[in-house]
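All remarks here apply to the structure that follows.
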Amino acid sequence: MGNLYDGLNEQMNFELESAYIYATMAAYLNDQGMPGMTHFMDLQVKEEVSHAERIRGFLREVGYSVKYRPLDPGTGEFESITDVFAKALEHEKLVTARIHELVKQAREEGDQRVLNCLTWFVDEQIEEEDKFTGLLERAQRINGNWAGLYQFDHILSKRELD
Ligand code: FEO
């Protein structure tokens, strides 16, 4: 197990990488002619950047020297709109697992201030998984039907930054 603060720094980078991955999803959805879904993913990119900034803020406050690494956006290839939401949910599950690993380490080290910072992320990940679980179920039910997809697209065009 590495240094807890290095782990948090890595999580900051991972949140930025998440933004990058969601940007590839937004690009795919735009190519599919789905402006509402694209808007939704554009906001998801911003949300991930805000997650990274939250960790960066904490690390700065405790005097840790933040480091950045290159980001990997993945292949940017998707089989379908449903595949985008499936991959998004899969990605959020990975984020959750990483947050929980950090919580475990912080508990073992008795680092209350890191635990306080991570509590927000534990709650946030419940929302993130719930959001993409719902969207994936909807996409699966629509099953490529154009009328359904356009209605879904319209609903997602209403998302505001949360
Ligand atoms: Fe920052 Fe979507 O987890």
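Values in this text are rule-based calculations from the coordinates and carry no lab data. All values reported here derive from a predicted model rather than from experimental measurement. In this analysis, Cβ positions are derived from the backbone assuming ideal geometry, glycine residues included, and neighbour counts consider all displayed protein chains.
Inside region 7-27, can you point out the residues that are in contact (Cβ under 8 Å) with a residue 40 or more places away in the chain, closer than 20 Å to Gly134 by Cβ and in contact with an Asp or Glu (Cβ under 9 Å, 6 or more places away or on another chain)?
Ser18, Ile21, Tyr22
Given the residues Glu137, Glu90, Glu160, Glu109, which is the only one that is farther than 19 Å from Gly33 by Cα, within 16 Å of the ligand (Cβ to nearest atom) and out of contact with any His (no Cβ under 7 Å at 6 or more places or on another chain)?
Glu90
Can you give me the number of residues within region 49-87 that are small (Gly, Ala, Ser), away from the ligand (no atom under 14 Å from the Cβ), within 27 Å of Leu156 (Cα to Cα) and part of a helix (DSSP H, G or I)?
Total meeting the criteria: 1.
Residues being in a helix (DSSP H, G or I) and farther than 12 Å from Lys46 by Cα: count how many of those fall in region 1-16.
11
Quick one: is Gly74 out of contact with any strand residue (DSSP E or B) (no Cβ under 6 Å at 6 or more places or on another chain), surrounded by 15 or more Cβ atoms within 10 Å (Cβ to Cβ) and closer than 28 Å to Leu149 by Cα? Working first, answer last.
Details: out of contact with any strand residue (DSSP E or B) (no Cβ under 6 Å at 6 or more places or on another chain): yes; surrounded by 15 or more Cβ atoms within 10 Å (Cβ to Cβ): no; closer than 28 Å to Leu149 by Cα: yes.
Taking the combined requirement at face value, the residue does not satisfy it.
Scanning region 28-48 for residues that are within 16 Å of the ligand (Cβ to nearest atom) and in contact (Cβ under 8 Å) with a residue 60 or more places away in the chain, which turns out surrounded by the most Cβ atoms within 10 Å (Cβ to Cβ)?
Among them, the one singled out is Phe40.
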